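The values are calculated or read from the model by the stated rules, or taken from the named source; none is laboratory data. Small disclaimer: the values here were computed from a predicted structure and weren't measured. Cβ coordinates were reconstructed from backbone atoms using ideal geometry, including for glycine residues, and neighbour counts include every protein chain displayed. These accessible areas exclude ligands, DNA and RNA; they are computed on the full protein's heavy atoms, side chains included. Shrake-Rupley method; radii C 1.70, N 1.55, O 1.52, S 1.80 Å.
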Amino acid sequence: MTTTDWPLPERFTFQGHSIAWGAMGEGPPAVLLHGTPFSSSEWRRIGPLLARQRRVYCFDMLGYGRSDKPDGDVSRGVQNELFAALYRHWGLQDPDVVAHDFGGSTALRAHLLNALNYRSLVLIDPVAISPQGSPLVRIAKEYEKVFSGLPSYVHEAILRAYIGGAVANALRDDEMTLYLAPWLRAEGQQAFWRQVAQMDDKYSQEVEW
């Protein structure tokens with residue numbers, strides 16, 4: 001599995017940044033929102049199955065996957081604004097939404113703060129209740145520059161352990177490579193620790209009722 005097997009041929013400009021997205025199938029609209037530390041490629045098996053009966057939209061969030069990775073705000077505080085902008089761009093009306101992890105928080109925030117309507121919402125292990133963050137996240141938030149400057153082989157080793165700990169079944173080498181790729185090299189390493197450093201319970205607390 002490579003990025004060519006999960007094409008995101010379209011680009012949308014959001015706050016001056018390029019967002020990678022794609023759509024497949026015909027029928028009622030459905031949107032898939034990915035979590036962290038992943039990208040829309042996590043839907044590479046589910047998306048085509050849903051597309052047999054749906055028009056399925058996927059995108060890489062700002063700072064993730066094949067979207068731009070700016071040295072700026074890539075927190076959950078901006079992702080719902082991005083989703084709202086894409087929702088309008090796609091001309092959606094009451095889509096079914098399936099959202100995982102960080103994407104679950106984005107879907108909830110977009111509904112409650114941006115007034116997006118969904119026909120249905122399926123949340124898979126959403127980041128929705130405080131407190132949040134693993135021991136790695138907590139220490140990396142304090143020392144972002146240290147982690148961003150780690151030797152590349154140390155960074156990759158941490159990534160492999162982090163991603164491996166987020167799945168129920170061990171990943172094949174090609175699957176691990178797919179998830180690692182956006183976070184490697186200098187830009188990817190900085191982007192990874194940037195999004196970790198910006199994790200904050202306040203983005204869940206803002207929509208707790």
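Summary table below
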item	result
Test set (1) touching a residue at least 60 places away in the same chain (Cβ under 8 Å); (2) within 17 Å of SER39 (Cα to Cα); (3) open to solvent by less than 50 Å² (accessible area, probe 1.4 Å) - VAL137 fails condition number	(2)
Residue in the stretch 85-101 that is small (Gly, Ala, Ser), under 20 Å from PRO28 (Cβ atoms), buried (at least 18 other Cβ atoms within 10 Å of the Cβ) and in contact with a strand residue (DSSP E or B) (Cβ under 9 Å, 6 or more places away or on another chain) present	yes
Meets criteria (open to solvent by 10 Å² or more (accessible area, probe 1.4 Å) and either of a type in the set (A, V, I, L, M, F, W, C) or in contact (Cβ under 8 Å) with a residue 24 or more places away in the chain (or both)) for ASP68	yes
Single match in GLU144, GLU156 (criterion: at pLDDT 95 or above, open to solvent by 40 Å² or more (accessible area, probe 1.4 Å), over 30 Å from LEU113 (Cα atoms) and acidic (Asp, Glu))	GLU156
Sole exception among (1) touching a helix residue (DSSP H, G or I) at 6+ places or on another chain (Cβ under 9 Å); (2) of a type outside the set (A, V, I, L, M, F, W, C); (3) surrounded by fewer than 16 Cβ atoms within 10 Å (Cβ to Cβ); (4) not in a helix (DSSP H, G or I) for ASN169, by number	(1)
